[in-house]
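Novice: If you scroll down you'll find the structure; I have some questions about it.
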Amino acid sequence: MLSQCPVAANLRTPTLSIQKCPQCGEEVEIFSNDLKVPCSRCGFVIFNDIQSCIQWCRYAEECIGPELYQ
(Lines give C-alpha, C1' and ligand atoms only; values in the text may rest on other atoms or scores of the structure.)
Protein backbone atom coordinates (compact mmCIF):
# COMPACT_ATOMS: atom_id res chain seq x y z
CA MET A 1 0.00 0.00 0.00
CA LEU A 2 2.65 2.55 0.98
CA SER A 3 4.72 1.83 -2.11
CA GLN A 4 1.75 2.87 -4.26
CA CYS A 5 1.11 6.22 -2.57
CA PRO A 6 1.61 8.95 -5.20
CA VAL A 7 2.22 11.63 -2.58
CA ALA A 8 5.06 9.70 -0.97
CA ALA A 9 6.73 9.24 -4.34
CA ASN A 10 6.47 12.98 -5.06
CA LEU A 11 7.97 13.84 -1.68
CA ARG A 12 10.86 11.40 -1.86
CA THR A 13 11.70 12.38 -5.45
CA PRO A 14 10.42 15.94 -5.84
CA THR A 15 8.74 16.96 -9.06
CA LEU A 16 8.45 20.48 -10.39
CA SER A 17 5.20 22.14 -11.35
CA ILE A 18 4.50 25.64 -12.57
CA GLN A 19 1.56 27.50 -11.08
CA LYS A 20 0.28 30.95 -11.88
CA CYS A 21 0.17 33.39 -9.01
CA PRO A 22 -3.50 34.21 -8.40
CA GLN A 23 -2.51 37.74 -7.38
CA CYS A 24 -0.37 38.91 -10.32
CA GLY A 25 -0.26 36.05 -12.87
CA GLU A 26 3.49 35.43 -12.58
CA GLU A 27 4.60 31.83 -13.17
CA VAL A 28 5.84 30.30 -9.91
CA GLU A 29 7.93 27.13 -9.69
CA ILE A 30 6.84 24.87 -6.87
CA PHE A 31 8.36 21.50 -6.05
CA SER A 32 6.24 18.67 -4.69
CA ASN A 33 8.13 18.80 -1.38
CA ASP A 34 7.61 22.56 -0.88
CA LEU A 35 4.95 23.54 1.63
CA LYS A 36 4.67 27.07 0.28
CA VAL A 37 6.48 29.36 -2.14
CA PRO A 38 6.31 33.16 -2.36
CA CYS A 39 5.75 34.75 -5.76
CA SER A 40 8.95 36.43 -6.94
CA ARG A 41 7.00 39.35 -8.38
CA CYS A 42 4.42 40.27 -5.72
CA GLY A 43 5.28 38.10 -2.68
CA PHE A 44 1.91 36.33 -2.58
CA VAL A 45 2.37 32.95 -0.86
CA ILE A 46 1.27 29.92 -2.88
CA PHE A 47 0.60 26.76 -0.89
CA ASN A 48 1.21 23.26 -2.19
CA ASP A 49 -2.06 21.34 -1.87
CA ILE A 50 -0.51 17.95 -2.60
CA GLN A 51 0.74 17.65 0.98
CA SER A 52 -2.71 17.86 2.51
CA CYS A 53 -2.94 14.08 3.00
CA ILE A 54 0.00 14.27 5.40
CA GLN A 55 -2.34 15.98 7.85
CA TRP A 56 -4.94 13.20 7.89
CA CYS A 57 -3.38 9.95 6.66
CA ARG A 58 -2.59 7.61 9.53
CA TYR A 59 0.33 6.16 7.54
CA ALA A 60 1.88 9.55 6.72
CA GLU A 61 4.94 9.34 8.98
CA GLU A 62 5.68 5.76 7.96
CA CYS A 63 4.99 6.57 4.32
CA ILE A 64 7.24 9.60 3.86
CA GLY A 65 9.65 9.09 6.75
CA PRO A 66 10.06 10.94 10.05
CA GLU A 67 12.26 13.74 8.68
CA LEU A 68 9.79 14.89 6.03
CA TYR A 69 6.86 14.28 8.35
CA GLN A 70 8.21 16.80 10.87
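Novice: Probe radius 1.4 Å, ligands and nucleic acids left out: which of D49, D34 has the largest accessible area, and how do the rest follow?
Specialist: Numbers: D49 125, D34 45 Å².
Heavy-atom accessible area, descending, gives D49, D34.
Novice: Just to be sure I follow: if Rg is taken over the C-alpha atoms of segment 21-70 and Rh is the Kirkwood radius over the same atoms, what is Rg/Rh?
Specialist: Taking Rh as the inverse mean 1/r over Cα pairs, Rg/Rh reads 1.10.
Novice: So for the pair E27, T13, with labels modelled 7 Å out along Cα→Cβ, what separation do we get in nm?
Specialist: In this crude label model, E27 to T13 measures out at 2.4 nm.
The values are calculated or read from the model by the stated rules, or taken from the named source; none is laboratory data. The structure presented is a predicted model; accordingly, all values stated were derived computationally and were not measured. Glycine gets a Cβ as well: all are built from the backbone with ideal geometry, and neighbour counts include every protein chain shown. Side chains are part of the model used for accessible areas, which takes the heavy atoms of the whole protein and leaves out ligands, DNA and RNA. Shrake-Rupley method; radii C 1.70, N 1.55, O 1.52, S 1.80 Å.
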